[in-house]
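Worksheet: one structure, shown below.
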């Protein structure tokens, strides 16, 4: 029988495997139930990705202009995740923007090709993130990267826990889900992340950052629920991106 710590470690690695391109052991146990239980670690995986971006930013900023350092940090996070969430945002934007009905929107979102709505939305979000992070000191930007990635994934977990799935679920497919205990673990992780932001950059900035994250993620939720009647995996990717961007907007507005 496996030790509880070993079980939780494997669940964390499963979350890493699902959300990123980072290497994990090949013999990692996998099942739909384990994947659902691993959802609680999404915010922690976000912290890991943000830390990778922050490290690249701080090292690059020693010899390069801030804008270049931020662009390199963005490239590092995109490589680490395989642009997983960015792809979801683009696909969701194409479906929501191009589909006159929910059925047509869901059909468009299955197409892996990027369209005008997806390209414009993704380009705007990425440009805003780069501009916002480049406008502050590298040390501040590094902290915001860690917190933004963690809170962005918490926003996605919240959607999973509180919103219905928009597609039909068959016997061979399990919609993204999270257990009540898992949701509480994710919330506790997000609370710790925000406490770290309070300690490092102050309560005022942390409040505005959290408010921005919640506001933009919920605005995005309103858009796709109104169109689709629920969420899809692509919508979750968009939620992560919007939550992260909203946090940067709130933080920089305070500064």
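The values are calculated or read from the model by the stated rules, or taken from the named source; none is laboratory data. Small disclaimer: the values here were computed from a predicted structure and weren't measured. Neighbour counts run over all protein chains shown; Cβ positions are idealised from the backbone, glycine included.
The single condition among (1) touching a strand residue (DSSP E or B) at 6+ places or on another chain (Cβ under 7 Å); (2) at pLDDT 95 or above that residue 203 does not satisfy is (1). The criterion of at least 2 residues that are under 21 Å from residue 99 (Cα atoms) and touching a helix residue (DSSP H, G or I) at 6+ places or on another chain (Cβ under 9 Å) is met by the following helices (runs of 4 or more DSSP H) wholly inside region 178-255: 203-228, 233-254.
Being in contact (Cβ under 8 Å) with a residue 24 or more places away in the chain, within 15 Å of the chain's Cα centre (by Cα) and within 20 Å of residue 127 (Cα to Cα) is the requirement here; does residue 79 meet it? Criteria met by residue 79. Taken over region 1-23, the criterion of being without any contact (Cβ under 8 Å) to a residue 60 or more places away in the chain, over 15 Å from residue 153 (Cβ atoms) and in a loop (DSSP other than H, G, I, E, B) is satisfied by 1, 2, 3, 23. Going through (1) over 22 Å from residue 209 (Cβ atoms); (2) surrounded by fewer than 22 Cβ atoms within 10 Å (Cβ to Cβ); (3) in contact (Cβ under 8 Å) with a residue 60 or more places away in the chain; (4) in contact with a helix residue (DSSP H, G or I) (Cβ under 6 Å, 6 or more places away or on another chain) one by one, residue 114 falls short only on (3).
Among the residues of region 95-110, is there at least one that is surrounded by fewer than 19 Cβ atoms within 10 Å (Cβ to Cβ) and under 27 Å from residue 15 (Cβ atoms)?
Step one: filter region 95-110 for residues surrounded by fewer than 19 Cβ atoms within 10 Å (Cβ to Cβ), giving 97-104, 107, 110.
With under 27 Å from residue 15 (Cβ atoms) added as a condition, the list becomes 110.
There is at least one residue in region 95-110 that is surrounded by fewer than 19 Cβ atoms within 10 Å (Cβ to Cβ) and under 27 Å from residue 15 (Cβ atoms).
Would you be able to say whether some residue in region 58-76 is more than 21 Å from residue 177 (Cβ to Cβ), within 20 Å of the chain's Cα centre (by Cα), in contact (Cβ under 8 Å) with a residue 60 or more places away in the chain and buried (at least 22 other Cβ atoms within 10 Å of the Cβ)? Checking region 58-76: at least one residue is more than 21 Å from residue 177 (Cβ to Cβ), within 20 Å of the chain's Cα centre (by Cα), in contact (Cβ under 8 Å) with a residue 60 or more places away in the chain and buried (at least 22 other Cβ atoms within 10 Å of the Cβ).
Are any of the residues in region 182-198 at pLDDT below 95 and either under 16 Å from residue 245 (Cα atoms) or surrounded by 14 or more Cβ atoms within 10 Å (Cβ to Cβ) (or both)? Taking every residue of region 182-198 in turn, none turns out to be at pLDDT below 95 and either under 16 Å from residue 245 (Cα atoms) or surrounded by 14 or more Cβ atoms within 10 Å (Cβ to Cβ) (or both). Looking only at residues in region 154-173 that are farther than 20 Å from residue 85 by Cβ and out of contact with any strand residue (DSSP E or B) (no Cβ under 9 Å at 6 or more places or on another chain), the one that is modelled with the lowest pLDDT is 171.
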